[in-house]
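To start, the structure under review is shown below, and the notes come after it.
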Amino acid sequence: MSATARTVARGAPWGRAATILVPYLWLLLFFAAPFAIVAAISLGDYTPDTVPPVTLTWSGKAYALLVGDALYAAAYLNSLRIAAIATIVTLLIGYPMAYTIARAPAGWRGPLLMAVILPFWTSFLIRIYAWMGILSENGLLNQVLRGSGLVDDPGTLLGTEWAIYLGIAYAYLPFMVLPLYASLEKMDAALLEAAADLGARPWTAFRTVTLPLSLPGIVGGCLLVFIPAVGEFVIPDLLGGTGTLMIGKVLWDEFFSNGDWPMASAVAMAMLVVLVAPIVLFQRARARDLAGR
């Protein structure tokens, strides 16, 4: 072995270590450290006369109040329900879109994917404000309904849960379409041809071939939509109004209206546990499934 080769071989382990160290340092600085700070604050006592309004006494009073107050349980359950329904709506809209893009000619796939991602080039807040104008009592939707003569007084969707479902589906649709497209695009079209040759009708071929093969994309897209939707604050606040109880709104009120940092931190920690647990269980089930093949 030449001297140059020996030098490269000796330096390779250090290079690999440095490559691995960078993402770990990133996670340490921007995830582990803030997580530890929030966890420490959640165990403190609320002291409104101090700055910041918390004393690190490690009492855990915030968690006792979190468990004992039915308001927080109702907010968590309502958030999970709304996020689950919105995720299903997004899946029902996104799956046909992803399937159409995956089956389109190769030259059309890039522009179609660009059309899906294009709304991300506009501010998220501006897009939600636009939906406020569309769904308001004198908005575009009601003007179209009145102009068509079908409905004299259509009312308004703004301030209802339907507006929240629509807003989440619109805002997070690319997160559903892209994983689904990645799964469907890799599927071998010859499998569908073989199913047709064996006498399977299109719906049967879809149910027995396409749907099972796209399951990783379905799970990935649902997680990417469900997780941020549970803690969503802007969409429920602007489209759902004050009557919608979700944990993101509760978290905002505890931090900025009440100034109760320990309670807000405890709410955030509990929400993290609620969201991380399904992901861990899915990863373990996926690992067992891969190991069994």
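Any read-out appearing in this document is the output of simple, stated calculations on the displayed coordinates, not a laboratory observation. Remember, predicted model here, so these are calculated numbers, not experimental data. For neighbour counting, all protein chains shown are included, and Cβ atoms are generated from backbone atoms with ideal geometry for every residue, glycine included.
Step through the residues of region 117-133 one at a time and calculate ³J(HN,Hα) from phi using the Karplus curve (6.51 cos²θ - 1.76 cosθ + 1.60, θ = phi - 60°), rounding each to whole Hz and writing x for Gly and Pro.
7, 3, x, 5, 7, 10, 4, 4, 5, 5, 5, 5, 4, 4, 5, 4, x
Please compute the net charge surrounding Leu251, taking Lys and Arg as +1 and Asp and Glu as -1 over other residues with Cβ under 12 Å from its Cβ.
Numbers: positive: Lys249; negative: Glu232, Asp237, Asp253, Glu254, Asp260.
The answer is -4.
Relative contact order of the chain, please, whole-number percent, based on alpha carbon pairs below 8 angstrom and at least 6 residues apart. Kindly include the intermediate steps, with their values, before the conclusion.
Details: 301 pairs, mean separation 76.3, N = 293.
Relative contact order for the chain comes out at 26 percent.
Using the Karplus equation 6.51 cos²θ - 1.76 cosθ + 1.60 (θ = phi - 60°), what ³J(HN,Hα) coupling, rounded to whole Hz, does each residue of region 165-171 give in order, writing x for Gly and Pro?
Running phi through 6.51 cos²θ - 1.76 cosθ + 1.60 with θ = phi - 60° gives 4, 5, x, 5, 4, 5, 5 Hz.
Taking only C-alpha pairs under 8 Å that are 6+ residues apart, what is the relative contact order of region 135-293 in percent?
Reported as a whole number, the value is 22 percent.
Between Phe35 and Leu213, what is the label-point separation in nm under the 7 Å Cα-to-beta-carbon projection?
If labels sit at Leu213 and Phe35, their model points lie 3.7 nm apart.
Determine the gain in length on full extension of the stretch Glu185-Thr242; use 0.36 nm per residue of separation and subtract their C-alpha separation, reporting nm with one decimal. Could the numbers behind the result be given before it?
Numbers: separation 57, 0.36 × 57 = 20.52 nm, distance 4.23 nm.
Working it through step by step, the gained length comes to 16.3 nm.
Suppose only helical runs count, i.e. DSSP H with n ≥ 4. What mean residue ellipticity at 222 nm does that imply for the chain under -39500 (n - 2.57) per run, divided by all residues and rounded to the nearest 500 deg cm²/dmol? Walk me through the intermediate numbers first.
On the way: 13 runs with 202 residues, N = 293.
Here the helix-only value at 222 nm equals -22500 deg cm²/dmol.
For region 110-173 and region 42-83, write down the distance between their C-alpha centroids in whole Å.
Distance between centres, Cα-based: 34 Å.
Quick one: which residues, 5 or more positions from Val54 or on another chain, have an amide H under 5 Å from its amide H? H modelled 1.01 Å from N in the peptide plane, none for Pro or chain starts.
Correct list: Thr47.
With the crude spin-label approximation of a point 7 Å out along Cα→Cβ, what separation in nm comes out for Arg109 versus Trp14?
4.3
Mind checking which of Ala62, Ala17, Ala194 has the largest fluctuation in a GNM of the chain, springs on alpha carbons under 10 Å?
Greatest mean-square fluctuation among the candidates belongs to Ala17.
Residues of region 214-229 with amide nitrogen under 20 Å from the 7 Å Cα-to-Cβ point of Ala200?
214-219
Would you mind counting up the charge near Pro53? Only other residues with Cβ under 14 Å from its Cβ, with Lys and Arg at +1 and Asp and Glu at -1. Can you show the working numbers first?
Values: positive: Lys61; negative: Asp45, Asp49, Glu254, Asp260.
Local charge sum for Pro53: -3.
Using just the Cα positions, wrap the chain in a convex hull and report its mean projected area in square nanometres, one decimal place. Walk me through the intermediate numbers first.
On the way: hull surface 104.8 nm².
Mean orientational projected area (the chain, Cα hull): 26.2 nm².
Can you work out the Karplus-derived ³J(HN,Hα) for every residue in region 263-280? Use 6.51 cos²θ - 1.76 cosθ + 1.60 with θ = phi - 60°, whole Hz, and x for glycine or proline.
Going residue by residue, I get 5, 5, 5, 5, 4, 5, 5, 5, 5, 4, 5, 4, 7, 6, 4, x, 5, 5 Hz, with x marking Gly and Pro.
I need the calculated FRET efficiency for the pair Val273 and Leu25, taking r as the beta carbon distance and R₀ as 30 Å, to the nearest 0.05.
Computed FRET efficiency for Val273 and Leu25 comes out at 0.75.
On each of the three principal axes of the Cα atoms of region 95-173, give max minus min coordinate, whole Å, ordered largest first.
Result, largest extent first: 46, 29, 19 Å.
How much net charge surrounds Ala182 when only the other residues with a Cβ under 15 Å from the Cβ of Ala182 are counted, with Lys and Arg +1 and Asp and Glu -1? Don't skip to the answer; put the middle values down first.
Working: positive: Arg103, Arg109, Lys186; negative: Glu185, Asp188.
Computed value for this residue: +1.
Alpha carbons only, please: Rg and Dmax for region 167-293, in angstrom.
Answer for region 167-293, Rg first and Dmax second: 20.3, 67 Å.
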